[in-house]
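Notes follow once the structure below has been shown.
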Amino acid sequence: MFENLITDLSLIVPELIISGTLLLIVLFDLIFDKDKTFIPYIALLGLFAALYYTMQSTGQDAFAFIPQSTNSTYGLLAIDSFGAYFKIIILITSILIVFFSKVSLEINKIIDRSGEYYALLFGMILGMLLMSSASDLIVIYLSVELLSLSSYVLAGFTKLRDRNSEASLKYLIYGAVSSGLMLFGISLVYGMTGNTNLLEINSVLKSGSINLLTYAFSLILIFAGIGFKISAAPFHFWTPDVYEGAPISITAFLSVASKAAGFALLIRFIKSTFLLSEQNGHWQIITFFDWQSFLIVISILTMTLGNFAALWQNNLKRMLAYSSIAHAGYMLLGIAVLSEQGILAIMIYFLVYLLMNIGAFYIVMLISNQTGSEEIKDYNKLGYASPFLGVTLTIFLISLTGLPPTAGFISKLYLFVALVDVEMIAVAVIAVLNSVVSLYYYVRVLKHLFISEAENEVPTLRVSMSDIVFILILVIPTLVLGLYFTPMVEFAKSSIGMLTN
């Protein structure tokens, strides 16, 4: 038993490093309660170490924590290249968010509580890493709750404005409802199958010895919990208020890392539980629940609602929140394809989305730090007052739209190719039309940056060398990967393998 434990722990080294770093942050925060300057560096050290071991584990194919009391060959966590890919996305995002937080005026105002801030941040990261590998319904629920409880607090952590507390309260209420629905769905699944392991449930489903109507109902309840994390309609209502009210660093973190963990979980849940067979990269799904039609309806609803709601937003954080909802809709189409090509499209999309979304939020934060405003009308002529910020924000917004020569075009191209590959032409057309709608509200920001006349004198924005370096780290790959994207595609292809048997 002890040997099995050592083997299992060796498979989850990144999670152990994150847990150890969390404890170290709490310990140092208690010992050195007057000096918080070193805490971000402890956080970075832990994140880089976890990233290193995650990259080393790429290509592994094993289960961790296989129950010894049963004859099962399946464990609570699936350690595979698919999970490692999303863990890399989450850890890179986390590293960027630590740098993000060091510059954020909101976080610097509560520097005396930075120990709690980074401890909660690492609680979120640990939950996300576990979500990416979870292959058991109990672990899925616990990891989702670990992520959620930390993020509820962080959404209102600064307490600088009333909207911080409002964001945290709304997030908690919506999260509690979705969590309750998910737990009820899990209890129904366990009651019908006698199992919580996804692959064991798959074996039961293949026998066809369950009440299909009740099981379909339980799946919708479980999707409510996962849909809440990825901001899929109609479980998206928390997103605009929380994104607007939370500190910008947490908003950026939720928009990328939390969504990545949610998609990794949803993909694994569908494939591990419902895969009947796989032929030439196309999935044959157990047919009693029509996942494809369900996901198509949810994705079209999500992208359409997100894009059209964004048209009317005057607050840039709120506009980017609705934009984030729309992007979740596009990525859901990649799952609806039910093929390796669709999953490849999602993996490419997330790598690009990381660059352009973090970059856009970072520039919004820099402007907000100096102007005290996130309203679009206050961006008038700022493109001339600070050409570097204006041009780079333009590149990020063009990439978010999906126009060449940016990497955003490549991510949507692979998504549309996956749709056309399975002859979902009408759905592809709807997605393209939604991208056209998104062009309007992104260009509207550019209009204010460079064309609209300012009512008052436009302030000259200061941009430090560290800010320039941070933005260039994000904007250069956004452009380069739009022209030379082979390494990105090959990396995603090499990581697509998922442990299903």
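A few notes on this one:
- For the chain, the longest site-free run once GluC sites (Glu not before Pro) in DSSP loop states with at most 10 other Cβ atoms within 10 Å are removed: 1-422
- Above-threshold pairs, the threshold being 26 Å between Cα atoms, out of 259/493; 412/493; 102/317; 206/259; 34/159; 206/493: 206/259; 206/493
- Solution diffusion estimate, µm²/s, Stokes-Einstein, the chain, Kirkwood Rh from C-alpha pairs, 25 °C, viscosity 0.890 mPa s: 107 µm²/s
- When 111, 125, 42 are arranged by Cβ crowding within 10 Å, least crowded first, meaning fewest neighbours, the order is 111, 42, 125.
- Between region 462-489 and region 169-192, the alpha-carbon center distance in angstrom: 39 Å
- When the charge dipole of region 290-501 is built from unit charges on Cβ atoms (+1 for Lys and Arg, -1 for Asp and Glu) and taken about the Cα centre, the candidate among 435, 328, 480 whose Cα reaches farthest toward its positive end is 480.
- For region 71-141, Kirkwood radius (reciprocal of mean inverse C-alpha pair distance, Å): 13.9 Å
- Here the dipole of the chain is about 640 debye; that uses its Cα centre as origin and unit charges on the Cβ of Lys and Arg (positive) and Asp and Glu (negative).
- Separation of alpha-carbon centers, region 250-304 and region 95-117, rounded to whole Å: 33 Å
- Relative contact order of the chain, pairs being alpha-carbon contacts under 8 Å that are 6 or more residues apart, as %: 14 percent
- Reducing region 440-455 and region 194-236 to their Cα centroids gives an inter-centroid distance of 45 Å.
Bear in mind that the values in this text are calculations on the coordinates, not laboratory data. Quick caveat, the model's predicted, so the values are computed rather than measured. Every residue, glycine among them, receives a Cβ derived from its backbone with ideal geometry; neighbour counts consider all protein chains shown.
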